[in-house]
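Undergrad: My questions all concern the structure below.
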Amino acid sequence: MSAADAFEAQTLCIIGTGLIGGSLALALKQNGYAGRIIGAGRTEQTLIDAKRLGVVDDYSTDMAAAVKDADIIFISVPLGAIKPVLQSIQPAVRADAVITDAGSAKQSVIDDVREVFGDGFAQFVPGHPIAGTENSGVRAAFAELYQNRRVILTPEPYTSEQAIDQVTTMWRLAGAQVSCMSAEHHDKVLAGTSHLPHMLAFALVDCLNNLEDIDEIFQYAAGGFRDFTRIASSDPVMWRDICLHNSAPIIEMIERYQNELEGIRQALQGQDGETLKQIFERAKQARDAFTGKT
Ligand code: NAP
């Protein structure tokens, strides 16, 4: 039996059936997953909705009961809730079960798992799907979310190869491309490409919102403002947790960005059009290359 065939017969427990967990379940089902999917979480109504929407086959608000038969446990709750979830399920997790997660910062989750399951716990595969929207909750979930998107796994040297294979198989069936890197590298890269942009969007909208005549300002906001600030509609609790759990790399990126802005401020003050043009040209070239325009 191939790894994919073996995976498709397994029981998957998803703790946190929101956008990320719900979309994984829908993607797997759409792509032929025949195993049982059990939802778990703190709010019964969320789980009722998940069952009604065909996201899960069964559910329980008792997380320990929900994981006891699971071959794979996928944790997709906000980062601040991961340790309490691990504490609730730890006595009930089967010795051969694989645990993985979707947390947007990785070192903090690895530390949580170490505290709850002990040093060298081989059955945990840290993961992060680089996919999402500004919407949350199970009603925002959709089967195509992971199609051709990347998932980063950040295994430790002691992580079981078999567990990594199982999690890789799961994500590939959901349509994603899987790559591996260290948790430290992941946290630095994502601080720049995801966490800082969210901070900037939240800060810009908050800054404008504190101005007088705010209604008029938003009335004249054009497409660029909408594009730039779309992610400021993201869930505040999730983003509070991401900031608190990846604070050092985010602070480093904020300081770099402050330096960049200071350069622009000084160029403006000195009416230095050449410096401004050089900065904008460098940025345009880099973005065009990244989006494949050049
Ligand atoms: P979401 O749509 O808000 O779903 C979160 C789920 O967790 C909901 O089912 C929620 O249920 C449950 N939950 C919230 N707080 C909980 C708690 N204290 N204890 C137990 N369950 C709790 O969020 P999401 O976008 O799926 O994000 C989930 C995880 O994926 C986060 O760690 C996030 O960092 C990561 N992630 C998000 C994105 C993204 O773009 N959204 C991308 C990649 C990774 P209730 O109904 O009880 O609130």
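Undergrad: I'm trying to understand the selection: among the residues of the stretch 7-26, which are open to solvent by less than 40 Å² (accessible area, probe 1.4 Å), more than 17 Å from Val93 (Cβ to Cβ) and away from the ligand (no atom under 13 Å from the Cβ)?
TA: Scanning the stretch 7-26 gives a single hit, Phe7.
Undergrad: A follow-up question, please. Check whether at least one residue in the stretch 53-61 is open to solvent by less than 10 Å² (accessible area, probe 1.4 Å) and modelled with pLDDT of 95 or more, and report yes or no.
TA: Start the filter on the stretch 53-61 by keeping residues that are open to solvent by less than 10 Å² (accessible area, probe 1.4 Å), which leaves 55-56.
From the residues that got through so far, the ones that are modelled with pLDDT of 95 or more too are 55-56.
Yes.
Here's the yes/no breakdown for (1) assigned by TED's automatic domain parsing to the domain that holds Gly175; (2) in contact (Cβ under 8 Å) with a residue 40 or more places away in the chain; (3) over 14 Å from Trp171 (Cβ atoms):
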{"site": "Asp119", "(1), (2), (3)": "yes, no, yes"}
{"site": "Gln123", "(1), (2), (3)": "yes, yes, yes"}
{"site": "Gly127", "(1), (2), (3)": "yes, yes, no"}
{"site": "Ala131", "(1), (2), (3)": "yes, yes, no"}
{"site": "Gly137", "(1), (2), (3)": "yes, yes, yes"}
{"site": "Val151", "(1), (2), (3)": "yes, no, no"}
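Undergrad: For the stretch 165-190, how many residues meet the condition of being free of Cβ contacts under 8 Å to residues at least 60 places away in the same chain, in a helix (DSSP H, G or I) and either outside the structural domain of Gly32 (by TED's automatic domain parsing) or surrounded by fewer than 19 Cβ atoms within 10 Å (Cβ to Cβ) (or both)?
TA: Number of matching residues: 2.
Undergrad: Does at least one position in the stretch 105-115 carry a residue that is within 14 Å of the ligand (Cβ to nearest atom), open to solvent by less than 30 Å² (accessible area, probe 1.4 Å), touching a residue at least 60 places away in the same chain (Cβ under 8 Å) and not in a helix (DSSP H, G or I)?
TA: yes
Undergrad: Name, by its number, the condition in (1) under 13 Å from the mean Cα position of the chain (by Cα); (2) within 18 Å of Tyr158 (Cα to Cα) that does not hold for Gly132.
TA: (2)
Undergrad: Spot the failing condition for Glu44; the list is (1) more than 8 Å from the ligand (Cβ to nearest atom); (2) farther than 17 Å from Thr169 by Cα; (3) touching a residue at least 24 places away in the same chain (Cβ under 8 Å), and only one is missed.
TA: Of (1) more than 8 Å from the ligand (Cβ to nearest atom); (2) farther than 17 Å from Thr169 by Cα; (3) touching a residue at least 24 places away in the same chain (Cβ under 8 Å), only one is false for Glu44: (3).
Undergrad: Give just the number: which of (1) within 26 Å of the chain's Cα centre (by Cα); (2) more than 16 Å from Leu204 (Cα to Cα); (3) more than 16 Å from the ligand (Cβ to nearest atom) does Gln258 not satisfy?
TA: (2)
Undergrad: Please count how many residues of the stretch 138-152 are touching a helix residue (DSSP H, G or I) at 6+ places or on another chain (Cβ under 9 Å) and away from the ligand (no atom under 13 Å from the Cβ).
TA: Narrowing the stretch 138-152 to residues touching a helix residue (DSSP H, G or I) at 6+ places or on another chain (Cβ under 9 Å): 138-147, 151-152.
Subset that is away from the ligand (no atom under 13 Å from the Cβ): 143-144, 147.
Going through the stretch 138-152 one residue at a time, the tally reaches 3.
Undergrad: Filter the stretch 3-33 for residues that are farther than 16 Å from Asp71 by Cβ and small (Gly, Ala, Ser) and give the result. Talk me through it step by step, then tell me what you get.
TA: Keep residues of the stretch 3-33 that are farther than 16 Å from Asp71 by Cβ, which gives 16-23, 26-27, 29-32.
Of everything in the stretch 3-33, those that are farther than 16 Å from Asp71 by Cβ and small (Gly, Ala, Ser) turn out to be Gly16, Gly18, Gly21, Gly22, Ser23, Ala27, Gly32.
The values are calculated or read from the model by the stated rules, or taken from the named source; none is laboratory data. The structure presented is a predicted model; accordingly, all values stated were derived computationally and were not measured. Heads up, the Cβs are rebuilt from the backbone with ideal geometry, glycines too, and the neighbour counts pull from every protein chain shown. Accessible surface areas use protein heavy atoms only, side chains included; no ligands, DNA or RNA. Shrake-Rupley method; radii C 1.70, N 1.55, O 1.52, S 1.80 Å.
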